[in-house]
Amino acid sequence: MAVNTLMQIRRGTAAAWTSANPTLAAGEWALETDTKFFKMGDGSTAWTSLNYSSLPLQTSNSGKYLTTNGTITSWATVDALPTQTSNGGKYLTTNGTAASWATIVTDPSPTVFMMMGA
């Protein structure tokens, strides 16, 4: 049996929230309808002392991924791998910044052979 559930976030203008200065329950979300910013309650901090939370806009960010430095979220560009054309027999390597293809180097005249047996 299907159950329909409607979840709503508390909402009001920035001025209304500042004037009322409520303490939101732990995990309770509240939206400023005029600024589109929101705050999440912790059960003990009044509205004016809570930090704002927000999500970065998705507009013009196709092909990017969401990242954070631990404080701020932002969109970053996905680095593409270098082309595979004409790179048969090579391996992919990186210098920590950029990826590239490298040739496997072998010694054509080795001077030391090691054989191990049981």
**Prompt:** Within the set of pairs 6+ apart or on separate chains, which have a first residue in the range 2-24 that is farther than 18 Å from T35 by Cα and at pLDDT 85 or above, a second that is surrounded by 11 or more Cβ atoms within 10 Å (Cβ to Cβ) and of a type in the set (V, I, T), and C-beta atoms under 9 Å apart?
**Reply:** T23/T45; L24/T45
**Asked** Hey, any hits in the range 80-90 for a residue that's assigned to a strand (DSSP E or B), surrounded by 10 or more Cβ atoms within 10 Å (Cβ to Cβ) and free of Cβ contacts under 8 Å to residues at least 24 places away in the same chain?
**Response** yes
**Message:** Looking only at the range 40-59, filter to residues that are at pLDDT 80 or above, part of a loop (DSSP other than H, G, I, E, B) and of a type in the set (S, T, Y); which one of those is nearest to N21 (Cα to Cα)?
**Reply:** T45
**Prompt:** For the range 41-64, how many residues are in contact with a Phe, Trp or Tyr (Cβ under 7 Å, 6 or more places away or on another chain) and exposed (fewer than 10 other Cβ atoms within 10 Å of the Cβ)?
**Reply:** 0
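For the range 11-39, what are the residues that are assigned to a loop (DSSP other than H, G, I, E, B) and of a type in the set (S, T, N, Q)? Outline the logic, then answer.
Looking only at the range 11-39, we keep the residues that are assigned to a loop (DSSP other than H, G, I, E, B), and these are 13, 21-22, 24-28, 33-37.
Within the range 11-39, T13, N21, T33, T35 qualify.
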**Request:** Could you figure out which of (1) farther than 13 Å from N51 by Cα; (2) surrounded by 14 or more Cβ atoms within 10 Å (Cβ to Cβ) isn't true of F38?
**Result:** (1)
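Among the residues of the range 95-114, write down those that are closer than 30 Å to K64 by Cα and either modelled with pLDDT of 85 or more or surrounded by fewer than 10 Cβ atoms within 10 Å (Cβ to Cβ) (or both).
N95, G96, T97, A98, S100, W101, A102
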**Prompt:** Mind checking whether some residue in the range 60-69 is out of contact with any strand residue (DSSP E or B) (no Cβ under 6 Å at 6 or more places or on another chain), assigned to a strand (DSSP E or B) and of a type in the set (D, E, K, R)?
**Reply:** no
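The values are calculated or read from the model by the stated rules, or taken from the named source; none is laboratory data. Computed from a predicted structure; not experimentally measured. Cβ coordinates were reconstructed from backbone atoms using ideal geometry, including for glycine residues, and neighbour counts include every protein chain displayed.
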